[in-house]
1. Scan (1) of a type outside the set (A, V, I, L, M); (2) within 17 Å of the chain's Cα centre (by Cα); (3) on the phi > 0 side of the Ramachandran plot for the single condition residue 27 breaks and write down its number.
2. I need the full set of residues from the range 119-129 which are open to solvent by 40 Å² or more (accessible area, probe 1.4 Å) and either within 14 Å of the chain's Cα centre (by Cα) or more than 17 Å from residue 59 (Cα to Cα) (or both), in order please.
3. Restricting to the range 23-45, give me the number of residues that are in a loop (DSSP other than H, G, I, E, B) and open to solvent by less than 40 Å² (accessible area, probe 1.4 Å).
4. Kindly check whether there is at least one residue in the range 46-55 that is more than 25 Å from residue 140 (Cα to Cα), among the polar types (S, T, N, Q) and either open to solvent by 70 Å² or more (accessible area, probe 1.4 Å) or touching a residue at least 60 places away in the same chain (Cβ under 8 Å) (or both).
5. Filter the range 56-68 down to the residues that are open to solvent by less than 40 Å² (accessible area, probe 1.4 Å), within 13 Å of residue 145 (Cα to Cα) and either free of Cβ contacts under 8 Å to residues at least 60 places away in the same chain or touching a Lys or Arg at 6+ places or on another chain (Cβ under 7 Å) (or both) and list them by number.
6. Any residue in the range 74-103 that is within 16 Å of residue 12 (Cβ to Cβ) and free of Cβ contacts under 8 Å to residues at least 40 places away in the same chain sitting within a Cβ distance under 8 Å of a residue that is outside any helix (DSSP H, G or I) and open to solvent by 80 Å² or more (accessible area, probe 1.4 Å)? List the pairs, counting only those 6 or more apart or interchain.
7. When you scan the range 7-22, do you find a residue that is part of a helix (DSSP H, G or I), free of Cβ contacts under 8 Å to residues at least 12 places away in the same chain and open to solvent by 80 Å² or more (accessible area, probe 1.4 Å), even just one?
Amino acid sequence: MQYFADAHLPVIDGAITVPTGGGSEAFVDADDIAAVAAETLLAPTAPTAHYAPTGPQALTVAEVADSITAVTGRTVAHHDLDPEVWIESAIAAGLVPADYAVMMRWLTGAISSGNGSTPNDDVEKVTGRPPTAFLDFARRNAHAWTADR
């Protein structure tokens with residue numbers, strides 16, 4: 001979730017511009033990942049367990065934009081575009097090195113395919129509390145989208 005509130009996927013001119021092909025993702029709060037990691041290290045109950053924490057629901061980036069709109073009162077949209085145009089533009093602008101294109105293709109492909117769209121109960125199973133919903137994350141981080149940049 002944090003990449004929506006920092007420089008990775010900024011709101012520019014009222015839009016989050018990232019290729020997703022309309023796919024969804026069970027976006028997870030980094031605080032939840034940290035809580036799972038800490039609990040696993042401090043109180044390992046199943047040393048061979050593997051966790052892949054997710055958020056509580058699969059959302060499209062358009063739904064993420066709607067949540068940001070709801071908490072800020074500023075209209076935010078999602079502009080989906082061709083992944084290759086996005087990647088080549090990022091490289092040409094010097095935002096990422098050319099070698100990183102492989103990772104960008106993997107990341108955008110994971111969302112467009114819905115590969116990460118199934119929520120699981122890992123956060124609650126390990127920490128005893130439910131994972132953070134995107135709307136709660138957005139409320140907690142509204143300043144990221146309302147501060148003048």
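1. Looking at each condition in turn, residue 27 falls short on (3).
2. Within the range 119-129, 119, 124, 125, 127, 128, 129 meet the criteria.
3. Looking only at that region, the number is 5.
4. Checked against the condition, which is being more than 25 Å from residue 140 (Cα to Cα), among the polar types (S, T, N, Q) and either open to solvent by 70 Å² or more (accessible area, probe 1.4 Å) or touching a residue at least 60 places away in the same chain (Cβ under 8 Å) (or both), the range 46-55 yields at least one hit.
5. Listed by number, the list holds a single entry, 65.
6. none
7. So far as the range 7-22 goes, no, none of its residues is part of a helix (DSSP H, G or I), free of Cβ contacts under 8 Å to residues at least 12 places away in the same chain and open to solvent by 80 Å² or more (accessible area, probe 1.4 Å).
Okay, residues lined up against (1) closer than 18 Å to residue 29 by Cα; (2) open to solvent by 80 Å² or more (accessible area, probe 1.4 Å); (3) modelled with pLDDT under 90:
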| site | (1), (2), (3) |
| --- | --- |
| 86 | no, no, no |
| 92 | no, yes, no |
| 98 | no, no, no |
| 101 | no, no, no |
| 112 | no, no, no |
| 139 | yes, yes, no |
| 145 | yes, no, no |
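The values are calculated or read from the model by the stated rules, or taken from the named source; none is laboratory data. All figures in this text were calculated on a predicted structure; none of them were measured in a lab. With ideal geometry, Cβ positions are generated from the backbone for all residues, glycine too; neighbour counts draw on all protein chains shown. Keep in mind that these areas ignore ligands, DNA and RNA; they rest on the heavy atoms of the full protein, side chains included. Shrake-Rupley method; radii C 1.70, N 1.55, O 1.52, S 1.80 Å.
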